[in-house]
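Asks: Here's a structure for you.
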Amino acid sequence: MSATTYGWLVLLFPLLGMLTIAFGYKAFPGRTAGWIGTGAIFLAFLAALGALLEIQSLSPAHRQVTSSLWNYANTVGVNAQLSILVDPLSVFMILIVSGVSTLIHLYSISYMDKDKGFNRYFAYLNFFVFSMLLLVLAGNFLLLIVGWAFVGAASYLLISFWYRRTTATKAGIKAFVINVVGDVGLVLGTYFIFKHTHTLDFLQTFHVAGQVFTHNEADLVAGCILLLVGAFAKSAQIPLHTWLPDAMEGPTPVSALIHAATMVTAGVYLIARMHVLFELAPIAQDVGAVVGAVTLFVAGTIGLVQTDIKRVIAYSTMSQIGYMIMGVSVGAYAAGLFHLMTHAFFKALLFMAAGSIIGAMGGEQSLNRMGGFRKAMPFTFGCFIIGGLALSGIPPFSGFFSKDEILLVTGELGGWHWALYVMGYIGAFLTAVYTFRMIFRAFYGDPVPEAQELEAGHLHHPEHPTNPATGEIEDTDVGFPGPTHAIAERALPMKVAMCILAVGSVGLGLLQIPNVDFVIDDFLRPSFAGSAVYETHTKDGLLAFGLLLGTVLGLAGIALAWRVWVARVGGRLSPAKLQARWHAVYELLAHKWWFDELIDGLIVRPMATAGRFAAGTFERAVVEGGLIDGTVSVVRAGSAAVRAVQSGLVRYYAAALVLGVAAIGFYFLLQS
């Protein structure tokens, strides 16, 4: 089969999985829907492997192939086709998306076992993966926008999956609204580009871009910045990031799916795919690099004070995506995408490990209630350590190789990019601190009652389940989490998925050791053949310095976390004294730099006030009073007049007929 045939199969399998579960779930016994959903994504992964082999069999100059099912529209200069583009970049993405998503599906079979929405969950999950695969395989802006919107809709369904939780429905709406802002940016950006290129096809757009656009042309810069708005919303970059921590209201495997392999990586992919346009608009590139650097720093500081274990990992996602956005914006395409791959593995692993410990806590997510699980949950603890070391950039774990390569390329640019370079290493130090703060608080110290109960051989299931965000008592029926919980130590599907991710978190970094091997560079090069900045970087001095600095900062962060949250020898570094000494800073970070409050005060409340004013004045007086009531009054008067002459007497009808004929005759008499 051809590479494009495999590409269509990648889309077909999750779509069929979703439809099979959605329409046939009533006939499925037990956990059949989970296995069908997992099998569908695994088949998509196998098809992605087929596409990889077919692409590699072609010469590098011919590794960008397209296929179209049919013309969706061909009118007024718009030729919109349902076409896919299979090239090294899209194959790279579908391998990551389908591979990690398969493991998340497998993990979910045990994690969601007793949930009353089990079948609905896997239908949604298959739809989510289909949407993301459609996004990365799209061969033109039309299909890109469709996939982009589908991903937003699927995220709403999954974040608010437990729809009887008010916090979950609010989080789903928030994520959906902010992502719609990004959708608008993507559509408007497409318009600015189409206005000059007169094509929606990616390859044709890139071919003519250098001819129709000049360097930093206003329309091109505007179009690229609007594309960045879409990327920032989907990838949770400042200021469109506030939906991401709230998305933790969904089931933990959903958090892993959104934050590791799918949704938040879409912005990184978009910038990399549009690199031809961004290189012609360096102003837009600079905007992307600065926003990425600011995001990685701000998210890192917020992670230091979060007490919800899933939100700590969520802010680490936001920070790591900042590295990727910065990387692809400064031209470090292979490095940024390499970090996307390694991050997918260790971040999915961390979320799965977090789900395991949340299961041991009976649904509780607060670090303030955790402690001492190291002995009771050795496998989960080991996975947390592997994921934490990879996230902190400690050699030889995968994050060490990918993150430092981004900073190497940034530093080589010199000038004001040194500020981004420094900010990146500050972020690396913060990452190690908040990651191991989370690990030490959950697994060290005196065992909490749930840990003691587990050590005695009994998994804790609360008699009265509560919402971990509000403490409200909940039932376990449809729309709420199920009555029981699962941990990796006792659930084989969870353990298998986490083992594979742990191996990847350790070994994937060896695919591209900076200036030693170039597997990712060489594989992706055909997709960036026209790039003026895609090259192998060889400044060994800065490379050695960066790798050493990253390691030292990571180890220093871990040591500081140990000193504050494990050793607890008192003095100025005790948590209580640090909080009291830096109270103003703590309040700033605890309130997430006041972004939610600022957006609420500057946008949400004014818009709500304007809406209420419009509803009470213009809508009531003009629309209802004038247009609606006025029209109704005219119709009523006309109806009354008609009813008045409809007496049922033949003589009246005959008189009306005579008068009508006479009036017509009189009219023609006057005309003559």
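Asks: THR410: assigned to a helix (DSSP H, G or I) and under 19 Å from VAL291 (Cβ atoms), yes or no?
Replies: So THR410 passes the test.
Asks: Restricting attention to segment 579-609, which residues are in a loop (DSSP other than H, G, I, E, B) and either more than 23 Å from the chain's Cα centre (by Cα) or exposed (fewer than 12 other Cβ atoms within 10 Å of the Cβ) (or both)?
Replies: TRP582
Asks: Would you check which residues across segment 460-484 are at pLDDT below 90 and on the phi > 0 side of the Ramachandran plot and list them?
Replies: GLY471
Asks: Being among the basic types (Lys, Arg) and outside any loop (DSSP other than H, G, I, E, B) is the filter here; which residues of segment 351-385 pass it?
Replies: Scanning segment 351-385 gives a single hit, ARG369.
Asks: Shifting gears a bit: Hey, does segment 75-91 have a residue that's surrounded by 19 or more Cβ atoms within 10 Å (Cβ to Cβ), in contact with a Ser or Thr (Cβ under 9 Å, 6 or more places away or on another chain), more than 27 Å from LEU340 (Cβ to Cβ) and not aliphatic (A, V, I, L, M)?
Replies: yes
Asks: Among the residues of segment 28-46, are any surrounded by fewer than 13 Cβ atoms within 10 Å (Cβ to Cβ) and assigned by TED's automatic domain parsing to the domain that holds PHE528?
Replies: Yes: one or more hits.
Asks: Here's a follow-up. Restricting to segment 496-533, and then to whatever is among the charged types (D, E, K, R) and closer than 16 Å to MET341 by Cα, can you tell me which residue is surrounded by the fewest Cβ atoms within 10 Å (Cβ to Cβ)?
Replies: Only one residue tops the list, namely ASP522.
Asks: Within the set of pairs 6+ apart or on separate chains, which have a first residue in segment 306-322 that is outside the structural domain of LEU296 (by TED's automatic domain parsing), a second that is surrounded by fewer than 24 Cβ atoms within 10 Å (Cβ to Cβ), and C-beta atoms under 8 Å apart?
Replies: none
Asks: Does GLY182 satisfy the criteria of being in contact with a Lys or Arg (Cβ under 6 Å, 6 or more places away or on another chain) and part of a helix (DSSP H, G or I)?
Replies: yes
Asks: Ok, one more. Between ALA641, ALA576, ALA654, which is assigned to a helix (DSSP H, G or I), in the same structural domain as ILE178 (by TED's automatic domain parsing) and either exposed (fewer than 12 other Cβ atoms within 10 Å of the Cβ) or at pLDDT 80 or above (or both)?
Replies: ALA576
Asks: Condition test on LEU53, is it crowded, with 16+ Cβ neighbours inside 10 Å and either under 29 Å from the mean Cα position of the chain (by Cα) or outside the structural domain of LEU203 (by TED's automatic domain parsing) (or both)?
Replies: no
Results for (1) among the hydrophobic types (A, V, I, L, M, F, W, C); (2) closer than 16 Å to HIS105 by Cα; (3) not in a helix (DSSP H, G or I), shown as yes or no for each residue.
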site	(1), (2), (3)
GLY7	no, no, no
GLY17	no, yes, no
ILE41	yes, yes, no
GLU54	no, no, no
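Asks: Regarding segment 450-459, can at least one residue be identified that is crowded, with 17+ Cβ neighbours inside 10 Å, in contact with a Gly (Cβ under 6 Å, 6 or more places away or on another chain) and either modelled with pLDDT of 90 or more or more than 30 Å from PHE400 (Cα to Cα) (or both)?
Replies: Yes, there is a match, as at least one residue in segment 450-459 is crowded, with 17+ Cβ neighbours inside 10 Å, in contact with a Gly (Cβ under 6 Å, 6 or more places away or on another chain) and either modelled with pLDDT of 90 or more or more than 30 Å from PHE400 (Cα to Cα) (or both).
Asks: Taking the options LYS403, LYS375, LYS347, name whichever one is more than 18 Å from the chain's Cα centre (by Cα), of a type in the set (Lys, Arg) and buried (at least 22 other Cβ atoms within 10 Å of the Cβ).
Replies: Result: LYS403 is the single residue among LYS403, LYS375, LYS347 that is more than 18 Å from the chain's Cα centre (by Cα), of a type in the set (Lys, Arg) and buried (at least 22 other Cβ atoms within 10 Å of the Cβ).
Asks: Does GLY267 satisfy the criteria of being in contact with a His (Cβ under 8 Å, 6 or more places away or on another chain), part of a helix (DSSP H, G or I) and within 18 Å of SER527 (Cβ to Cβ)?
Replies: Criteria not met by GLY267.
Asks: I would also like to ask the following. Look through segment 138-169, keep the residues that are more than 17 Å from the chain's Cα centre (by Cα) and assigned to a helix (DSSP H, G or I), and return whichever of them is surrounded by the most Cβ atoms within 10 Å (Cβ to Cβ).
Replies: PHE141
Asks: How many residues are in contact with a Leu (Cβ under 7 Å, 6 or more places away or on another chain) and in a helix (DSSP H, G or I) when one looks only at segment 224-244?
Replies: Looking only at that region, the number is 7.
The values are calculated or read from the model by the stated rules, or taken from the named source; none is laboratory data. Keep in mind that what you see is a predicted model, and the values were worked out from it rather than measured. Every residue, glycine as well, gets a Cβ built from its backbone with ideal geometry; the counts of neighbours run over all protein chains shown.
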